[in-house]
Amino acid sequence: MKKGFHLNYRLLGIIILSAGFLIPSFAYARTTGQITGKILAAKDGTPLPGADVIVENTFLGASASITGEFIIEKVPPGTVTLRVSMMGYKTLRVENVRVLAGKITKIRVELKTDVVQMDPVVVIASKQAQELLRSPVSVAVIQSGEIVRRGVIDVTGAVSEIPGALFVGNQVNLRGSSGFMYGAGTRVMFMIDGIPVHASDSGEINWDMVPLIDIDHIEVIKAAGSFLYGGNALGGVINIVTKKPTPETRVAYNLGWGVYDKPYYRQWEWTNRNRYYDERGLHYNRQDLSFSKRIGKLGVRLTASRYVSTGYMVAGFFHRMVFTSTLHFAFTPNTDLTLFGTYMRDNRGEPVMWRDQAHVFLAMDAEMESNRIHVNNGMMYAKLRRVFSPKLTGSLRISLNDILLGNQYNKPGEFSPAIGPGAELTFDWIPSAQHSFLFGLEYKLDRGKNKWIGEHQGVDWGPYIQYGWQPWPLLKVTSGLRFDTYKLDQRKPEMQLSPRLAVNVMPWPNVAFRASAGKGYRVPTIIERFLTMSLAGFEVMPNPNLKAERSWSYEIGGRANLTQSWYVDLALFQNDFWNMIEPTIDITSNSIQFLNIARPRIYGLEFTSEGRWWHNRLGLDVSFTWMDHKDLVTGKRLFYRPRRIAAIIPSLRLGRSELQVQFNYSSRVDRVQVFPLDERVPRKVWNVRFLQKFPRKKMTFLVEVNNLFNYNYTMRERYLEPIRNFRMGLTGYF
């Protein structure tokens, strides 16, 4: 325990020293000029508060005020290019802007609506803002407006809209990377504003930490990201970017009500014996409410969310409350501080395998129907950013993720909080238009303690560097390297070296090709190594000698913007794994143990296209992922992974009304562990939704039917996925 305190003191010393670096003011060496202007919507000339303006090849920039006005100070004299962007609008470059020493340059910018996300600005691919066309790896983006348009009710629903993403239970697969880990560990890193927020003992993702109404957009890397993000990024990265406080006073709301239909077969009906059933039937509802306002240099955003469901099966109920707050201090145009906090309280049941095929909504054991889980999860961070000069910026963040299980499987009082403090210091330097550097150092501590794992602590230090080289406008090369040292308890440190090399070639203005190779890794979680308990009739056995997973991720691909509202993207990928960790079930002894399997490989292709035609009246979104996966040593398929995933969404928009039909498909899962002889079928789910916009009231009304034909399927053994349900939603602001 004393050693843990010494580590914290060491961390505190680094933070204080780093803060001392960031706080001093640096004077520029030469006289500078100023750029001012106004950003308006091209359609009607209304101001666009919150739009971002950046001087390219520098870190100088500003956001538009409530009137659409902006000021960029201390711009070096010369001719510059401005990049103006805002989610929901086309990114615009304003070239040949002349800046004179001691003078003010005025401009006026009009942004056109982006009905399709053609080339949004993303950060996740290299921790540096860039257009999606310039990304060296496959990146998918879903914006807040698209979240509303797709009828999404929670974060898992939003991530499910990403091509190549599929949920098995509560665990996400990006291009088949994860399978199903029974809630212990994931190969996809989950972040909020660039900060990892996995549970410190299990590595599990809590998808409900951020209300939908707080999400500005979600960025997803579908390749190994360990060269920048360290462990857990072996199979990809999902980053939720939260909304900033708005310049104007804004109250926003997101309301939804839904009800489950009767089961497909009458003999499956079970509600008359469920005490959580009432006269309203099986239902769910969600309410999000947020307040946002900027007062001088202080921006404030406060959100409360309530999400309740009876579930559609025994023990499928939940009651979740989430509260978030954001404070943004703009001390000067070059120095700002962001404070963010979220707290979630969840009281839920824990559905398990069905009793038999005549009772698919009842648990295999009646005693399991009373399973309860109480979760308290808090996360907070502070991020200080300082622009030292037009070519150099630095940032420091400290964070804490704390999760406590009040009880689990009716075992109250047996758990202690899993605590995960962290910190990161970065410097971004652009010495010239052809060269850029990113330097960083990240610290992460994972501490877990309970009756079934004992008490353990893991500490990770990860310095990293990234170099970008752009010798010609059409070519950009990015290379990176991270070196992680992970020490668990008193064991010998585990060291991981994660390089990446990527190339982006843009031979024509709207066409880009990319190629990348990168290494990924993931150390086993505390629960994977040390868990010992009885679970659903199985004995979970510890394996302290688990080795870290490693992978190499390769990709070549291209993206073309065929028109102003139609793009296509094609990628070929291959992921080679060593020491992949899988929960292995021994039916003869009724035991589960996490083991390293020898040499898995996953390869395939992915196609995505999104377009709007006939003055935005007709739309078609298409995505298709084909992959092959096997262990090269045994020749067997990997568990809980389909080989084909597809989605087709045609839409018709007339005026302010829109009708969508969505078909989601995934092929039959090749292998499962517990009941391999059970029948398995493909997923074939149809959804229909209707949206009506009321622009004057700044409101969107939605009606949808999910699983229109009440199709019955499973993604894991003896667990029926959601049956047909109906929902209404209302989203807007004032």
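Distance from a point 7 Å along Cα→Cβ of residue 656 to each backbone N in region 691-734: keep the residues under 19 Å and list them by number.
Label zone hits: 691-704, 729-734.
Percent relative contact order of region 132-733, based on C-alpha pairs within less than 8 angstrom and at least six residues apart? Walk me through the numbers on the way to the answer.
On the way: 1715 pairs, mean separation 71.0, N = 602.
That works out to 12 percent.
Taking the Cβ of residue 355 as the centre, find all other residues whose Cβ is under 10 Å away and add up their charges (Lys, Arg: +1; Asp, Glu: -1). Walk me through the intermediate numbers first.
Working: positive: 718; negative: 356, 365, 369.
Around residue 355, the charge tally is -2.
Which whole number in µm²/s is D for region 390-532 by Stokes-Einstein, with the Kirkwood Rh taken over Cα pairs at 37 °C and 0.692 mPa s? Mind showing how you got there, number by number?
Working: Rh = 18.3 Å.
Here the translational diffusion coefficient equals 179 µm²/s.
Could you order peptides 690-697, 398-405 by the average number of other Cβ atoms within 10 Å of their residues, highest first? The partial results should precede the final answer.
Details: 690-697: 13.2, 398-405: 20.8.
Averaged packing, sorted descending, gives the order 398-405, 690-697.
In nm, what is the difference between 0.36 nm times the number of residues separating residue 108 and residue 684 and their Cα-Cα distance? Before the final figure, lay out each step's value.
Working: separation 576, 0.36 × 576 = 207.36 nm, distance 4.96 nm.
Computed gain between residue 108 and residue 684 is 202.4 nm.
For the chain, find the longest principal axis of its Cα atoms and tell me its angle to the long axis of helix 2-22, 0 to 90°, nearest 10.
20
Any chance you could get the radius of gyration and Dmax over the Cα atoms of the chain, in Å?
In order Rg, Dmax, the Cα atoms of the chain give 25.5, 81 Å.
Compute the convex hull volume of the Cα atoms of region 32-111, divide it by the residue count, and report the result per residue in Å³ as a whole number. Can you show the working numbers first?
Details: hull volume 6.1 nm³, N = 80.
Cα convex hull per residue, to the nearest whole number: 76 Å³.
Filter the cross-link list 444/492; 112/222; 449/630; 449/487 down to pairs whose alpha-carbon distance in this structure exceeds 24 Å.
Cα-Cα > 24 Å for 112/222; 449/630; rest within.
Return the calculated 222 nm mean residue ellipticity for the chain, to the nearest 500 deg cm²/dmol, obtained by summing -39500 (n - 2.57) across DSSP H runs with n ≥ 4 and dividing by the residue count. Please list the in-between numbers first.
Numbers: 5 runs with 42 residues, N = 734.
The helix-only estimate for the chain comes to -1500 deg cm²/dmol at 222 nm.
Each value in this text was obtained by applying a stated rule to the coordinates, not by laboratory testing. Every value quoted in this text rests on a predicted model; they were computed, and no experiment measured them. Cβ coordinates were reconstructed from backbone atoms using ideal geometry, including for glycine residues, and neighbour counts include every protein chain displayed.
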